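For reference, the structure discussed in these notes is given below.
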Amino acid sequence: YEADDLIASLCLSMPRDTLKIMVTMDQDMYQCLRTPDVMMWDIKKRSMTTEKSFKLEWNIGPEDWALVKAIAGDVTDCIPGVRNVGKVNAVDFVNGDLEEDSRHYKLIMNDMEKVEQYFKLTKLPFPGVKTFDVGPDDVTRHSWNKVMERLGLLRMLRGAGVSYAA
């Protein structure tokens, strides 16, 4: 399993009222933004992505992202996708906005068997990844804030509107 499978498993297995912030630039992790309690901090862009902001940017839900990646491909994960079809056309296909007689629609439909194989590889978490039982720990608000400050993340949490990072 890859780290993104483990992170996805954690995000899905932790209680819904527990805030989860992933610190990553890996777009695969958009799939974890299925609920408002999961956020993604992009170190390079210095921005927070939430379920709401993802939907506004891409016009799909996070649960559809794996199919978009299966169609469009992903060089970093060695997923070739459908040749000559990028993310924008993949999103249009997922939304049913591609005309059936369009070039991109036909390309996708001609490669649907491959898309289904790629989808199995892009969907998080990969089948068989164990869930984790995460329980209470000894971290206090003060010790948490000290670690966040030392790592330079306190400003990020404040910018994301996380209220408990005082």
message: For segment 46-67, check the following and say yes or no: at least one residue is of a type in the set (Asp, Glu) and farther than 29 Å from GLY152 by Cβ.
response: yes
message: Looking at segment 29-44, can you tell me whether even one residue there is open to solvent by less than 50 Å² (accessible area, probe 1.4 Å), out of contact with any Ser or Thr (no Cβ under 7 Å at 6 or more places or on another chain) and polar (S, T, N, Q)?
response: yes
- request: Inspect all residues belonging to segment 52-66 and state whether any of them is assigned to a loop (DSSP other than H, G, I, E, B), within 13 Å of the chain's Cα centre (by Cα), under 24 Å from GLU2 (Cα atoms) and in contact (Cβ under 8 Å) with a residue 24 or more places away in the chain.
  value: yes
message: For the structure I just gave you, tell me whether GLU100 is open to solvent by 60 Å² or more (accessible area, probe 1.4 Å), acidic (Asp, Glu), at pLDDT 95 or above and under 22 Å from the mean Cα position of the chain (by Cα).
response: no
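The rows are residues; the columns are (1) of a type in the set (Phe, Trp, Tyr); (2) more than 24 Å from GLY96 (Cα to Cα).
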{"residue": "MET14", "(1), (2)": "no, yes"}
{"residue": "THR18", "(1), (2)": "no, yes"}
{"residue": "VAL23", "(1), (2)": "no, yes"}
{"residue": "PRO36", "(1), (2)": "no, yes"}
{"residue": "ASP42", "(1), (2)": "no, yes"}
{"residue": "GLU51", "(1), (2)": "no, no"}
{"residue": "LYS55", "(1), (2)": "no, no"}
{"residue": "TRP58", "(1), (2)": "yes, no"}
statement: Per the filter on segment 8-42, residues assigned to a loop (DSSP other than H, G, I, E, B) and in contact with a strand residue (DSSP E or B) (Cβ under 7 Å, 6 or more places away or on another chain) are MET14, THR24, MET25, LEU33, ASP37
statement: If we keep only residues of segment 49-83 that are out of contact with any helix residue (DSSP H, G or I) (no Cβ under 8 Å at 6 or more places or on another chain) and open to solvent by less than 60 Å² (accessible area, probe 1.4 Å), then the residue nearest to ASP37 (Cα to Cα) is THR50
message: What's the total number of residues in segment 119-150 that are more than 27 Å from VAL68 (Cβ to Cβ), open to solvent by less than 100 Å² (accessible area, probe 1.4 Å) and free of Cβ contacts under 8 Å to residues at least 12 places away in the same chain?
response: 5
task: Just give me the residues in segment 1-18 being under 15 Å from LEU124 (Cβ atoms), surrounded by fewer than 14 Cβ atoms within 10 Å (Cβ to Cβ) and without any contact (Cβ under 8 Å) to a residue 60 or more places away in the chain, in sequence order.
output: ALA3
message: Where the second residue is at pLDDT 95 or above and among the polar types (S, T, N, Q) and the first is under 12 Å from ASN59 (Cα atoms) and lies in segment 87-115, which pairs have Cβ atoms under 8 Å and are six or more apart or on separate chains?
response: VAL91/ASN59; ASN95/ASN59
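The values are calculated or read from the model by the stated rules, or taken from the named source; none is laboratory data. Note that this is a predicted model, so its numbers are computed, not measured. As a convention, Cβ positions derive from the backbone with ideal geometry for all residues, glycine included, and neighbour counts pool all protein chains shown. In case anyone asks, the SASA skips ligands and DNA or RNA and just uses the protein heavy atoms, side chains included. Shrake-Rupley method; radii C 1.70, N 1.55, O 1.52, S 1.80 Å.
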